[in-house]
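Worksheet for the structure shown next.
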Amino acid sequence: MTFSAEVKNELCQPRIERKCCALAEAYGILLYCHSFSPAEIRIITSSDALSQRLPHLFKKAFGIRFDRLPAENAEGKRSFYITDAEKIRSIYDAFGSDVSTLSLHINFGIIEEPCDKAAFLRGAFLGGGSITDPKKRYHLELATAHYSVSREAVSVMREMGFDPKESQRRGNHLLYFKKADEIADVLTAMGATNATMALVGQKIEKEMNNEIMRKVNCDSANADKTVAAAARQMEAIRRIEREYGLDSLPEPLQEAALLRIANPEVSLSDLARLSYPPVSKSCLSHRLRKITEYKLEEDNLK
């Protein structure tokens, strides 16, 4: 089951208690479903939970039944139809809309209360929403074929404290979110608290993994720098030994050179701790730098 299907299943679990919320949820479904027109209402879904919820929701909201239901054992996408003109007119009347209108609009009076706005948003998601698995990326969207509905839904969502982005795809008008925190808030507002916790948990896991990778990369880069610096120091020491002899070095530099020869890949911090008598990291770094400079000075005398 996809994450989107899990969210819709969760949203369909609460009982439909208040008629105003049932009306608002049905409103969201109809404005974001496959077809809502004076000729027909057609809701297509592959969600088992929504398929079970729709008949009860429409009975509570409008006191009507669907004219055609999917077969009891239907799998995949299932279609719910209302084609009876009187039923469609009664639904339009419930929303204060004229059945002869050319374009659909949101009647804000239907969703004035906070609970009704949340129910409307839940219905819009059930009718035309989807969410990507947060393990892959963060993306939640609502898609409707009605431009006016999409634009007016922006106002509804802003009243709820959300600020969706807008786009178009294949004739549909989209409202979408791409930030984990925003999506979590939208899920919570709709009533999908389990999905919210799953998303937040995934976000925390990703952040932890990213932090681990950052530290690993940083440690790797530091290790590369240590190896490169040690290689330069060894090269200088070998050349001095080969061409001039280590006895040509002052005693502190000679000790540092011998320490590096014995520990060719050890970091400066560890090398300083191995020194006898002990010296600081900066002191040892200074001595090894002098060795490389000494090499260059000798080369310049040739």
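Taking the conditions (1) part of a helix (DSSP H, G or I); (2) more than 39 Å from the chain's Cα centre (by Cα); (3) surrounded by fewer than 14 Cβ atoms within 10 Å (Cβ to Cβ) in turn, GLY201 satisfies each one other than (2). Scanning the stretch 252-279 for residues that are open to solvent by 70 Å² or more (accessible area, probe 1.4 Å) and either under 15 Å from ARG289 (Cα atoms) or not in a helix (DSSP H, G or I) (or both) yields GLU255, LEU258, GLU265, TYR276, PRO277, PRO278. Taking strands (runs of 3 or more DSSP E) as the structural unit, those lying wholly within the stretch 97-179 and holding at least 3 residues that are not polar (S, T, N, Q) correspond to 140-144, 165-169, 172-177.
Would you check which residues across the stretch 35-46 are of a type outside the set (D, E, K, R) and either out of contact with any Cys (no Cβ under 8 Å at 6 or more places or on another chain) or surrounded by 21 or more Cβ atoms within 10 Å (Cβ to Cβ) (or both) and list them? Lay out the reasoning, then the answer.
From the stretch 35-46, those of a type outside the set (D, E, K, R) are 35-39, 41, 43-46; that's our starting set.
Residues satisfying the conditions are SER35, PHE36, SER37, PRO38, ALA39, ILE41, ILE43, THR45, SER46.
Given the conditions (1) free of Cβ contacts under 8 Å to residues at least 40 places away in the same chain; (2) within 23 Å of GLU113 (Cα to Cα); (3) open to solvent by 30 Å² or more (accessible area, probe 1.4 Å), which single one is not true for GLU72? Of everything listed in (1) free of Cβ contacts under 8 Å to residues at least 40 places away in the same chain; (2) within 23 Å of GLU113 (Cα to Cα); (3) open to solvent by 30 Å² or more (accessible area, probe 1.4 Å), GLU72 misses just condition (2). Here ALA118 clears all of (1) touching a Gly at 6+ places or on another chain (Cβ under 8 Å); (2) farther than 23 Å from TYR176 by Cα except the condition numbered (2).
What are the residues in the stretch 1-34 that are under 18 Å from THR132 (Cα atoms), touching a Leu at 6+ places or on another chain (Cβ under 8 Å) and open to solvent by less than 30 Å² (accessible area, probe 1.4 Å), if any?
At the first step, the residues of the stretch 1-34 found to be under 18 Å from THR132 (Cα atoms) are 1-11.
Next, only the ones that are touching a Leu at 6+ places or on another chain (Cβ under 8 Å) stay: 7-8, 11.
Result: VAL7, LEU11.
The values are calculated or read from the model by the stated rules, or taken from the named source; none is laboratory data. None of these values were measured; they are calculated from a predicted model. Heads up, the Cβs are rebuilt from the backbone with ideal geometry, glycines too, and the neighbour counts pull from every protein chain shown. When the accessible area is computed, the model is the full protein with side chains, heavy atoms only, and any ligands, DNA or RNA have been set aside. Shrake-Rupley method; radii C 1.70, N 1.55, O 1.52, S 1.80 Å.
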